[in-house]
Amino acid sequence: MQQKDKLSQQLPSNMLRARSLRDRVGVYIQARDTVDAIARIREAEQAGVQQAWMAMGGAGFADILTVLAAAATQTERIKLGTAIVPDYPRHPLVMAQQALAVHDLAPERLRLGIGSGNRSFLESRYGLLQIAPLRYLKEYLEVLRGVLWQGRIDHQGEFFQVVDTLPRTAQVPLLIPALGLKAFRLAGEIADGALASLCPVPYLLNQALPALQVGAEIRSRPAPPIVACLPVAFSTDEAAVLLAVRQLIQQLAQTNTYARMFAQAGWASAVNGNEAELNALARTLVISGNEATVRDRVQELLASGLDELLLLAIPIADEAMERRQMLHLIGSL
C-alpha cells in the first residue's frame, strides 16, 4: 500500500471529537528522574487519565523513550506520548527501533512526537548544524513512516539515503510540533497530529487550523488533530498566576520560533515589554481558578474546535496538591 493511502486512513478530527472528553485530555509529566516519572505516570493512570506526555528533559534529562518503555511495563492502559523527541541527534532507523520496543511493551499506546527541537540547544550541546528544519523533518518522517509502518524503505533524498527493511511493522502515530503556520500546514500534509505548545487559542482556531486543513487537502487526507498544550493553575490568586505565566512566556519568547508565533498571533508588543499586553497574553493562555472553573474552561475549549488538550501544571502554592487536583479533574471528565 502506498504511503499516501496509509496517511489517508488516519482518524479525522471530527471523529476524534466524538470521543469522550476524558479521552481527549492528557497530562504533561514533569519529573526529577526516571523513577519519579514512572511513579507520576502510574499516579495519572490510577486517577483515570488516558494520556501522559513527556518532553525531552522531562525526567531529569533521561531519554524519554527509554523512560516510557519502562513506564509501559508498570502501567496497563494509559497512552504514552513524546512531545517531543528531537530528530537531529538520532537517525530515523534508530527512532524506529526505539518505537518498536515501546510498541512491543504497550501495543497501540505510543504516540511519537518528533521535531526539530531548540536550535541553539542542539548546536551548543551536540555541535549539530540545523539546516532547513522543516524540510529535514518532512524527509525524516517519510523515512520513519516507511520503515515503521510498511517495514521497508528505499529513499534517496536531500538528507537521507536509506535502503532497509524490518521484519515487522507498528503503525505508531507520528506527530510533529507546530508553532508557525508553515509547520501547521506541514502537519496537515504528513503527520498524524500537530503538537501546539502554548499557543493562544484564537491563533489556533483562526490561523493554525485553516493552515493545517490546507496541508491535509493537498494530500487528499483528513485533517489530523491539533493537540493544544496549555498551562493550568489551580489557584484563585490572580497576581501569583499571572506572575508565573508571564515568566513562562518571557522564557519562551527568548527563542525565535516562539517570538515569531506570538507576533503572528498578534502579541508582538507583549513579548517586547508591554506589561499590560503581557498580562493580557498570560490571561489568554492560562486556564486557572478552582476545580469547577478549570473544568468549565476545559470543556469549553474542547467544544470550541480544538481536538485535544495537553495540560501543563503551573505550580502556585502546593505542587503536589495541585497536581492531584489536575489528575482528579481529568480522570473525572
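The values are calculated or read from the model by the stated rules, or taken from the named source; none is laboratory data. Every value quoted in this text rests on a predicted model; they were computed, and no experiment measured them. Note: ideal-geometry Cβ built from the backbone for every residue, glycine included; neighbour counts use all protein chains shown. We work out accessible area using only protein heavy atoms, side chains counted, and drop any ligands, DNA or RNA first. Shrake-Rupley method; radii C 1.70, N 1.55, O 1.52, S 1.80 Å.
Look at (1) open to solvent by 30 Å² or more (accessible area, probe 1.4 Å); (2) touching a strand residue (DSSP E or B) at 6+ places or on another chain (Cβ under 6 Å); (3) modelled with pLDDT of 95 or more and you find that His155 fails only one, number (1). Looking only at the range 279-312, residues that are open to solvent by 30 Å² or more (accessible area, probe 1.4 Å) and in contact with a strand residue (DSSP E or B) (Cβ under 6 Å, 6 or more places away or on another chain) come to 2 in all.
If you go through the range 46-83, how many residues are in contact with a strand residue (DSSP E or B) (Cβ under 8 Å, 6 or more places away or on another chain) and over 17 Å from Leu311 (Cβ atoms)? Residues flagged as in contact with a strand residue (DSSP E or B) (Cβ under 8 Å, 6 or more places away or on another chain) and over 17 Å from Leu311 (Cβ atoms) within the range 46-83 amount to 9. Considering only residues that are small (Gly, Ala, Ser) and farther than 15 Å from Ile176 by Cβ, look in the range 188-243 and name the one that is least open to solvent (accessible area, probe 1.4 Å). This residue is Ala233.
Answer yes if at least one residue in the range 307-316 is farther than 13 Å from Val232 by Cβ, in a helix (DSSP H, G or I) and modelled with pLDDT of 95 or more, and no otherwise.
Looking through the range 307-316, none of the residues is farther than 13 Å from Val232 by Cβ, in a helix (DSSP H, G or I) and modelled with pLDDT of 95 or more.
In the range 61-86, the residue that is nearest to Arg125 (Cα to Cα) out of those that are open to solvent by 50 Å² or more (accessible area, probe 1.4 Å) and either at pLDDT 95 or above or of a type in the set (Val, Ile, Thr) (or both) is Thr66. Quick one: count up the residues across the range 9-52 that are open to solvent by less than 50 Å² (accessible area, probe 1.4 Å), at pLDDT below 95 and part of a helix (DSSP H, G or I). Residues flagged as open to solvent by less than 50 Å² (accessible area, probe 1.4 Å), at pLDDT below 95 and part of a helix (DSSP H, G or I) within the range 9-52 amount to 2. May I ask you to list pairs of residues, at least six apart or on different chains, whose Cβ atoms are under 6 Å apart, with the first in the range 322-333 being more than 11 Å from Leu311 (Cβ to Cβ) and assigned to a helix (DSSP H, G or I) and the second being open to solvent by less than 10 Å² (accessible area, probe 1.4 Å) and at pLDDT 95 or above? Correct list of pairs: Gly331/Val49.
Across the range 87-104, which residue is nearest to Ala132 (Cα to Cα) among those that are outside any loop (DSSP other than H, G, I, E, B) and open to solvent by less than 20 Å² (accessible area, probe 1.4 Å)? Only one residue fits best here, namely Pro92. Take Gly289 and decide whether it is modelled with pLDDT of 95 or more, in contact with a Ser or Thr (Cβ under 7 Å, 6 or more places away or on another chain) and not hydrophobic (A, V, I, L, M, F, W, C). Considered against the rule, which asks whether it is modelled with pLDDT of 95 or more, in contact with a Ser or Thr (Cβ under 7 Å, 6 or more places away or on another chain) and not hydrophobic (A, V, I, L, M, F, W, C), Gly289 comes out as yes.
Which of the following residues is open to solvent by 70 Å² or more (accessible area, probe 1.4 Å), part of a helix (DSSP H, G or I) and under 27 Å from Val214 (Cα atoms): Arg135, Arg145, Arg125?
Being open to solvent by 70 Å² or more (accessible area, probe 1.4 Å), part of a helix (DSSP H, G or I) and under 27 Å from Val214 (Cα atoms) holds for just one of Arg135, Arg145, Arg125, which is Arg135.
Based on this model, can you work out whether Glu142 counts as at pLDDT 95 or above and within 20 Å of the chain's Cα centre (by Cα)? Yes, satisfied.
Quick one: is Ala276 buried (at least 21 other Cβ atoms within 10 Å of the Cβ), part of a helix (DSSP H, G or I) and out of contact with any strand residue (DSSP E or B) (no Cβ under 6 Å at 6 or more places or on another chain)? Answer is no for this residue. Among the candidates Ser116, Ser197, the residue that is at pLDDT below 95 and within 17 Å of Ala55 (Cβ to Cβ) is uniquely Ser116. Do we have Arg246 as crowded, with 19+ Cβ neighbours inside 10 Å, among the charged types (D, E, K, R) and touching a Leu at 6+ places or on another chain (Cβ under 7 Å) here? Considered against the rule, which asks whether it is crowded, with 19+ Cβ neighbours inside 10 Å, among the charged types (D, E, K, R) and touching a Leu at 6+ places or on another chain (Cβ under 7 Å), Arg246 comes out as no.
Taken over the range 218-273, the residue count meeting the criterion of being assigned to a helix (DSSP H, G or I), touching an Asp or Glu at 6+ places or on another chain (Cβ under 9 Å) and among the charged types (D, E, K, R) is 1.
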